[in-house]
1. Does the range 63-79 hold any residues that are crowded, with 16+ Cβ neighbours inside 10 Å and either of a type in the set (Lys, Arg) or at pLDDT below 95 (or both), and which are they?
2. Report every pair of residues separated by at least 6 positions or lying on different chains whose Cβ atoms are under 6 Å apart, first residue within the range 16-37 and within 14 Å of LEU61 (Cα to Cα), second assigned to a helix (DSSP H, G or I) and among the hydroxyl-bearing types (Ser, Thr, Tyr).
3. Those residues that are open to solvent by 70 Å² or more (accessible area, probe 1.4 Å) and over 13 Å from the mean Cα position of the chain (by Cα), I need them from the range 19-45; list them, please.
4. Among GLY58, GLY52, which is the only one that is without any contact (Cβ under 8 Å) to a residue 24 or more places away in the chain, of a type in the set (Gly, Ala, Ser) and surrounded by 18 or more Cβ atoms within 10 Å (Cβ to Cβ)?
5. So, PRO3, is that one in contact with an Asp or Glu (Cβ under 6 Å, 6 or more places away or on another chain) and surrounded by fewer than 18 Cβ atoms within 10 Å (Cβ to Cβ) or not?
6. Considering only the range 41-65, how many residues are out of contact with any Gly (no Cβ under 8 Å at 6 or more places or on another chain), in a helix (DSSP H, G or I) and not hydrophobic (A, V, I, L, M, F, W, C)?
Amino acid sequence: LSPNDPALASTYSNIGSVYKKQGNLAAALEHFQRALRIDLQASEPDQMQIAGHYNNIGLVLKLSDKGDEALKNYEVALEIK
C-alpha cells in the first residue's frame with residue numbers, strides 16, 4: 001500500500017479501534033489521526049469516512065477527559081454529515 005492509500009487509512013482506523021477497546025487511548029488517538037490525515041489528502045475523499053474519523057477522535061478525547069477538544073471534533077463530524 002502507498003502511504004496515501006485509503007485502504008491504509010481504514011487499517012489505521014481499525015487498529016485505533018482495537019487500541020480504544022484495550023484502553024490505550026493515546027495509541028488509539030494517534031491511529032485515528034493518521035487515518036484522518038490520509039483520507040484528507042485523497043484526491044476524492046470519502047466525506048462519510050472523514051466524518052467517522054472525526055467522530056472516533058472525538059470519542060477518544062471524551063474518554064481522555066478532554067471534553068472541549070472532543071466537542072470540536074464532534075461538531076466537524078456533524079458539519080460533514
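1. Once the filter is applied, which keeps residues that are crowded, with 16+ Cβ neighbours inside 10 Å and either of a type in the set (Lys, Arg) or at pLDDT below 95 (or both), the range 63-79 yields only LYS66.
2. ALA27/TYR19; ALA28/TYR19; HIS31/TYR12
3. LYS21, GLN22, GLN41, SER43, GLU44
4. GLY58
5. Working: in contact with an Asp or Glu (Cβ under 6 Å, 6 or more places away or on another chain): no; surrounded by fewer than 18 Cβ atoms within 10 Å (Cβ to Cβ): yes.
Here the answer is no, as PRO3 does not meet what is asked.
6. Total meeting the criteria: 8.
The values are calculated or read from the model by the stated rules, or taken from the named source; none is laboratory data. Computed from a prediction, not measured in an experiment: that's the story for all the values here. Positions of Cβ are generated from backbone atoms using ideal geometry, with glycine treated the same way; all protein chains shown enter the neighbour counts. Only protein heavy atoms, including side chains, enter the accessible area calculation; ligands, DNA and RNA are left aside. Shrake-Rupley method; radii C 1.70, N 1.55, O 1.52, S 1.80 Å.
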